[in-house]
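**Q** A single structure is presented below for examination.
The values are calculated or read from the model by the stated rules, or taken from the named source; none is laboratory data. Everything quoted here is computed from the prediction, not taken from an experiment. Neighbour counts run over all protein chains shown; Cβ positions are idealised from the backbone, glycine included. Accessible surface is based on the protein model in full, side chains and every heavy atom, while ligands, DNA and RNA are left aside. Shrake-Rupley method; radii C 1.70, N 1.55, O 1.52, S 1.80 Å.
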Amino acid sequence: MSAAEVAGTDAAPATAPGDVLLSGVRRGALLVFLPVFVAGQALAWLTYAASRWYHPYSWFKIGLAETLSSVRVPFTASTQAPPVPVPGAPGRLVLATGALTIAVLVLGYRAGRSQARAFERRPGAAALAGSAIGPGVAVPMLVIALPITLGFPQFGIERLEPVLWQALMMPLVVSAAAGAAGGAAVARDALEDRVGGRVVAAVVGGGTAFWWGIVGAFVAVLLVAAISPGPTGAYARFVSRTGGSGAATVIEHASLLPNQSVLVLAVAMGAQATLGVGGDPAVVLSRDGVDAGQGAGELLAAYAGAQGNTASFPGWFWAFLLVPLVATVLGGHAAAGKERRRSERAMRGAAGGVVFAVICAVAAWAARIEVPAWAGVTNGGAALGVPVLLTGGLAVAWGVLGGAVGAMLPWPERFSAGSATPR
C-alpha cells in the first residue's frame, strides 16, 4: 500500500466528521510532518559533513530541532555567566528556518486542498476539513521535542531545550492555517458567492505581491553580489578562514534565505533592520548604508574584518525601490483579474495592498531571529529583525498605491493571457 493510499488521497472523499478528522491526521503526518522531518535531518547531516562537529547522535537531535524550527518553536537556553551579568538578558533561541517554513506552508496547503475535495460548495466546511491536518503535524512535533537537549560549549550554551507547550501549539496553528487556506481554495467559487469577489481578489493580489516581493529581494541581492564583488569576497574570506564553522554558516545561511529576503523587502520599503546585542542596537541596516558604530557594533565589525564602523551604499542602491514597486504592481494586476470596471479594478488592487501589508507584518515577525548570549563575547542575547508594525504600515502605503496602479494599468494581452490564479 502506498503512502498516498494510506493518507487517503486515492480514496473517496470523507464527509463524516470522524472520517474527516482521521484522514486529516493521516495527511498531516504523512504529507506534511514526514517530509519536513526528513528535510530537517538532511540539513543537519549536511552541516555535520561540512563541520565534523560533535557526535552523530547529537546531529540527529539537531535535525529534530531543525524540524521544530520550521514552525518557529522557541528554545530556552542555559548559558554560562557572562563577565558582566545583564539583567533580563534573553536566554533563548527563536528562529523560523525559512526554507522549512515554506515547506510546511506549501505541503499543508496542498494537503488541505486534498482533504476538502468533498466540500467544494461549502467554504466553511472546506476550510474546517483542511485544518484537520493540524493534529497530524502537531502531535509528532511534540513527540520529537521530548528528547531534545542540546549543548554548544564553544558558544557558551550549556543546555538548549524546546518549550514543550509551544512545540504543540505552534505546529498546530501554522499547519491548520495552511490546511484551512488550501481547503478554502477548493471552494473558491462558493466563497466568492458568500463573501464577494473583491475579498477573494484582495487575498489573491496580496499573496501575489508578497511572493514577487520575496523573489525580487532575493534576485536583487544576487545582482548586488555580482556587481559589487567586495562584500562577496569578504564573505568568502570569512568562510575560508573559519574552516568547518564557515562551511556550517553557509549551509545554515542558505536555509535562512527566505528570512533574509523578508528583511531586504522591509528595508527596501523604508524600514531599518537592526542587529541588537544585550537589548541595545549594535548594527543598523537601511537603504542608505550600514552603521555599526553603536554598542557591540564596533566589535562585530572588527570580527567580520570590515574597514571602519560605517559604510554608505552607492546611489544606485536606490534601485531597491523597484522591489516593492514591481511586486505591488503585479499584485494589483492579479487582484483585478478579468474585472472590466475601472473603479472596481482599483478597489480590488488597493484591497490587495492591505492584505499584502498583513502578510508582510506576519512575515517580519516570523523572520526575526533571537540567539542567546555567547559567553565571553556578548553581554546578553542578540536579535536580528525589522519593526513589525512599522513594516506593516509601510507595506500598507506601498501595497495600496502600487496595487491600485497595477490594477489600473493597461496590460498587453500576451501578459494577461493565462493570468488567472490557479484553483
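**Q** Checking the structure you have, find out if any residue of region 385-393 is of a type outside the set (Lys, Arg), at pLDDT below 95 and more than 21 Å from the chain's Cα centre (by Cα).
**A** No - not one qualifying residue is present in region 385-393.
**Q** What is the number of the single condition among (1) basic (Lys, Arg); (2) modelled with pLDDT under 80; (3) touching a strand residue (DSSP E or B) at 6+ places or on another chain (Cβ under 9 Å) that Arg52 does not meet?
**A** For Arg52, the failing item is (3).
**Q** Tell me which residues, restricted to region 313-365, are open to solvent by 30 Å² or more (accessible area, probe 1.4 Å) and under 17 Å from the mean Cα position of the chain (by Cα).
**A** Listed by number, the residues that qualify are Val355, Val358, Ile359, Val362, Trp365.
**Q** Could you look through region 179-217, keep only residues that are out of contact with any helix residue (DSSP H, G or I) (no Cβ under 7 Å at 6 or more places or on another chain) and open to solvent by 50 Å² or more (accessible area, probe 1.4 Å), and pick out the one that is nearest to Gly392 (Cα to Cα)?
**A** Going through the qualifying residues, I end up with Trp211.
**Q** At negative phi and open to solvent by less than 80 Å² (accessible area, probe 1.4 Å): does that describe Ile227?
**A** On the way: at negative phi: yes; open to solvent by less than 80 Å² (accessible area, probe 1.4 Å): no.
The answer is no for Ile227.
**Q** Related question: Any chance region 344-354 includes a residue that's at pLDDT 90 or above, under 30 Å from Leu275 (Cα atoms) and among the aliphatic types (A, V, I, L, M)?
**A** Yes, the conditions are met somewhere in region 344-354.
**Q** Taking helices (runs of 4 or more DSSP H) that do not extend beyond region 218-314, which have at least 1 residues that are farther than 25 Å from Val396 by Cβ and either modelled with pLDDT under 65 or touching a Ser or Thr at 6+ places or on another chain (Cβ under 7 Å) (or both)?
**A** The helices (runs of 4 or more DSSP H) meeting that bar are 229-241, 244-255, 297-303.
**Q** Give Ala14, Ala44 a once-over and let me know the one that is part of a loop (DSSP other than H, G, I, E, B), among the small types (Gly, Ala, Ser), at pLDDT below 90 and out of contact with any strand residue (DSSP E or B) (no Cβ under 8 Å at 6 or more places or on another chain).
**A** Just one listed residue meets the conditions, Ala14.
**Q** Next question. Here are Val32, Val20, Val25: which of them is surrounded by 17 or more Cβ atoms within 10 Å (Cβ to Cβ), at pLDDT 95 or above and in a helix (DSSP H, G or I)? Spell out the reasoning first.
**A** Values: Val20 fails: at pLDDT 95 or above; Val25 fails: at pLDDT 95 or above.
Within the list Val32, Val20, Val25, the selection yields Val32.
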